[in-house]
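Notes follow the structure.
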Amino acid sequence: MAKQKQITAWAEIGNKAAHGDWGKYTDQDATAMVSGVEMLVADL
């Protein structure tokens, strides 16, 4: 369940970025999202 919530949070950040809502997330949020997704994919 925790992993699902994290993936949902990453999707929200990605959606904000895709729609130009740059003020609604930080550079740190984006960096953490990319790192997290890379780790998730590496575990597959």
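The values are calculated or read from the model by the stated rules, or taken from the named source; none is laboratory data. All values derive from a computational prediction rather than experimental measurement. With ideal geometry, Cβ positions are generated from the backbone for all residues, glycine too; neighbour counts draw on all protein chains shown.
Tabulated data
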| item | result |
| --- | --- |
| The range 1-26, residues that are of a type in the set (A, V, I, L, M) and more than 13 Å from Leu40 (Cβ to Cβ) | Met1, Ile13, Ala17, Ala18 |
| Filtered residue count, the range 22-38, keeping only those that are loosely packed, with under 12 Cβ neighbours inside 10 Å and either touching a residue at least 24 places away in the same chain (Cβ under 8 Å) or over 12 Å from the mean Cα position of the chain (by Cα) (or both) | 2 |
| Residue selected from the range 28-44 under the condition of a type in the set (D, E, K, R) and modelled with pLDDT of 95 or more, by the criterion nearest to Gln4 (Cα to Cα) | Glu38 |
| Hits in the chain (condition: acidic (Asp, Glu) and part of a helix (DSSP H, G or I)) | Glu12, Asp27, Asp29, Glu38 |
